[in-house]
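The values are calculated or read from the model by the stated rules, or taken from the named source; none is laboratory data. Everything numeric in this text was worked out from a predicted model, so none of it was measured. Backbone-built Cβ (ideal geometry, glycine too); neighbour counts: all protein chains shown. Side chains included, ligands, DNA and RNA excluded: accessible areas come from the protein's heavy atoms. Shrake-Rupley method; radii C 1.70, N 1.55, O 1.52, S 1.80 Å.
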Amino acid sequence: MDGAVAIVLAAGSGERLGQDRPKAFVELAGRPLLAHAAGAALTCPEISLVVVAAPPGGEDLAHAMVESLGAHAVVTGGVTRRASVLAALRAVPADAAAIVCHDAARPFARAGLFARVLAALEGADGVVPVVPVPDTVKRVDGDVVLGTEPREGLVLAQTPQAFLAPALREAHERAERDGDEMTDDAAALERAGFRVRTVPGDPGNFKITTPEDLARAGTIALELARG
Ligand code: CTP
Ligand code: MG
């Protein structure tokens with residue numbers, strides 16, 4: 001699907017990472033996470049524009065970080081991830097057929113993964129890249145184990161996620177009306193009854209949440225740079 005638009009969610013504060021700046025502005029291998037994420041999106045030939053949801057007050061910095069990468073727009077993000085997506089959606093041209101939502105917190109997503117989720121939009125309203133759950137999953141109450149969840153049929157969802165633009169808009173508008181919050185966009189479509197499919201994700205495309213994740217990412221980025 002040509003002429004797709006990518007939304008890069010970069011407006012979070014990065015509380016769990018605990019740095020002196022928003023997570024998307026933290027550097028990995030000499031470049032901010034936002035530049036890694038937006039750069040991968042713009043390297044995908046099907047994507048013609050990136051809309052960045054920036055932290056309030058960080059709009060100019062975000063603009064400077066993506067300026068050299070290609071066509072982009074920067075909007076002020078919201079208090080919640082859903083609010084940030086809605087703000088970005090208002091800057092997506094009305095004639096865009098497909099929208100890819102990607103978290104700036106995933107710097108290792110490759111252009112090929114953007115292309116894969118977009119290609120799988122034939123016959124679906126939304127496409128999520130997933131990886132298997134490697135560990136045994138327990139349900140707990142505090143430190144008391146209530147049971148073990150069967151792992152069959154469980155997967156971990158990543159971004160980038162691709163959507164037909166009208167479905168993404170309708171699902172998020174409905175979520176806002178209902179006051180629903182979610183940690184990914186596919187969840188909004190699932191709740192609204194749209195067809196969401198999976199494609200294989202990439203185990204290397206992990207999300208940076210904690211200082212340990214950032215340290216691991218630094219080691220991997222060094223290895224990748226060495227070839
Ligand atoms: N995000 C956003 N707007 C928000 C909250 C989150 O655009 N109001 C984005 C983040 O910038 C991130 C992605 O959504 O790229 C996934 O969120 P998460 O990993 O939770 O990042 P933060 O919310 O920044 O981190 P934390 O929850 O630790 O504060
Ligand atoms: Mg968060």
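Here are the numbers for this structure:
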{"read-out": "Region 25-115, accessible area per residue, ligands and nucleic acids excluded (1.4 Å, Å²)", "value": "37"}
{"read-out": "Mean Cβ neighbour count within 10 Å, used as a protection proxy, ranking 61-72, 28-39 highest first", "value": "28-39, 61-72"}
{"read-out": "Where region 135-177 is the region considered: accessible area per residue in Å², 1.4 Å probe", "value": "65"}
{"read-out": "Pairwise FRET efficiency - Ala119 versus Ala71, Cβ, R0 = 25 Å, nearest 0.05", "value": "0.70"}
{"read-out": "Cut-off under 5 Å, modelled amide H: who pairs with Val74 long-range", "value": "Val52"}
{"read-out": "Label-point separation, Leu224 to Arg110 (7 Å along Cα→Cβ), nm", "value": "1.0"}
{"read-out": "Approximate spin-label separation Glu190-Glu152, in nm, with each point projected 7 Å along Cα-to-Cβ", "value": "1.9"}
{"read-out": "Surface share of carbon and sulfur [accessible, 1.4 angstrom probe, percent] for region 183-227", "value": "57"}
{"read-out": "Relative packing of peptides 146-155, 190-199, 120-129 - highest average C-beta neighbours within 10 Å first", "value": "120-129, 190-199, 146-155"}
